[in-house]
Structure formats: C-alpha cells, structure tokens
Amino acid sequence: MAQENVDLVRSGYEAFNRGDIDAVLAIMDDEIEWHEPGGGNAPAGSFRGPQSVASEVFAQVPERFEDFRVDIEQLVDVGEHVAVVGRFRGTSKSGKQLDAPFVHVATVRNGKEVEFRNYVAGDQWAEAWS
C-alpha cells in the first residue's frame, strides 16, 4: 500500500503543475484537513474539505503569480504518511522570483489524502506573496 500512497501523492503534484485542479481535488478525502503556514499574503491556517482548499488556497495562486510550480525533489514513504521534499518556484505578478524549499507531509488512508501539512522555509516565500 505504501507505493500506492506515494503514487497517489505524486499524481496530485503532477495534476497541480498542469493546472488540473479537479484531479488534485479528486485525490482528497471529503473531510481533508489542509494546513498552510501563511507568510506575506499567502493563505494561512487550516482548511477543511476539497472545496475549501480549492477556493481558499489554490485560487489564490493565479491571483498572485504569473507562473507558479511545485518541483518535487524526493518523496519518502513513511507508512500512511508521505513526506515530500521540493521547491516552490515561480514569478509573482509584481515580478518577485520565488524559489523556496518546502517539506510537505500528506496522510493517506483508504486511497485518499486525509491531511496535508505545508512547511515552507525562507523569507522569500513571504516576500513573493507580498
């Protein structure tokens, strides 16, 4: 089951990067708990359910960025958790470059993401969202 969890999580990043938000939402449990650290004007706090994530987190990206992508460097199977190491990259609408490292922890049960935590490093994250 662990490789299936890794594949599921990877598919979410691939869908996000190609702009297929419906495919990202499809891997989420109806009661997903999504946690964002904030910084600048980035979404902050906890969001429950795919529609909340879509409207309060994902919808903010095109409002603030000309281009934005999530580059995965490593996915680590930790049982029902998948740790993802990577970088947020892009250009804000104000012209600020974004290249910020992150670690994400996704919890998968019964073939769906039930929890997601975003840990992002560096002041560049907050500055790009300003």
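The values are calculated or read from the model by the stated rules, or taken from the named source; none is laboratory data. In this text, all values refer to a predicted model and were calculated from it rather than measured experimentally. Positions of Cβ are generated from backbone atoms using ideal geometry, with glycine treated the same way; all protein chains shown enter the neighbour counts.
Considering region 39-50 alone, what residues qualify as being in contact (Cβ under 8 Å) with a residue 24 or more places away in the chain and not hydrophobic (A, V, I, L, M, F, W, C)?
Listed by number, the residues that qualify are G39, G40, N41, P50.
Give me the helices (runs of 4 or more DSSP H) completely within region 39-130, filtered to those with at least 1 residues that are at pLDDT 95 or above and within 22 Å of A26 (Cβ to Cβ), ordered by residue number.
50-53, 60-64
In the list V24, V57, which residue meets the criterion of being surrounded by 14 or more Cβ atoms within 10 Å (Cβ to Cβ), under 17 Å from E113 (Cα atoms), touching a residue at least 24 places away in the same chain (Cβ under 8 Å) and hydrophobic (A, V, I, L, M, F, W, C)?
After ruling out the rest, the residue left standing is V24.
Kindly evaluate E115 against the criterion of being crowded, with 16+ Cβ neighbours inside 10 Å, under 15 Å from the mean Cα position of the chain (by Cα) and among the charged types (D, E, K, R).
yes
Please pick out the residue among E33, E115 that is touching a residue at least 40 places away in the same chain (Cβ under 8 Å), touching a His at 6+ places or on another chain (Cβ under 8 Å) and more than 22 Å from A128 (Cα to Cα).
E115
In region 27-38, how many are at pLDDT below 95 and over 16 Å from R117 (Cβ atoms)?
Here the count works out to 0.
Is it the case, given these coordinates, that E4 is of a type in the set (D, E), crowded, with 17+ Cβ neighbours inside 10 Å and touching a residue at least 12 places away in the same chain (Cβ under 8 Å)?
For E4, the condition - of a type in the set (D, E), crowded, with 17+ Cβ neighbours inside 10 Å and touching a residue at least 12 places away in the same chain (Cβ under 8 Å) - is not met.
Being aliphatic (A, V, I, L, M) and more than 13 Å from the chain's Cα centre (by Cα) is the filter here; which residues of region 33-78 pass it?
Matches in region 33-78: L75, V76, V78.
Only residues that are in a helix (DSSP H, G or I) and of a type in the set (A, V, I, L, M): list them for region 1-38, please.
A2, V6, L8, V9, A15, I21, A23, V24, L25, A26, listed by residue number.
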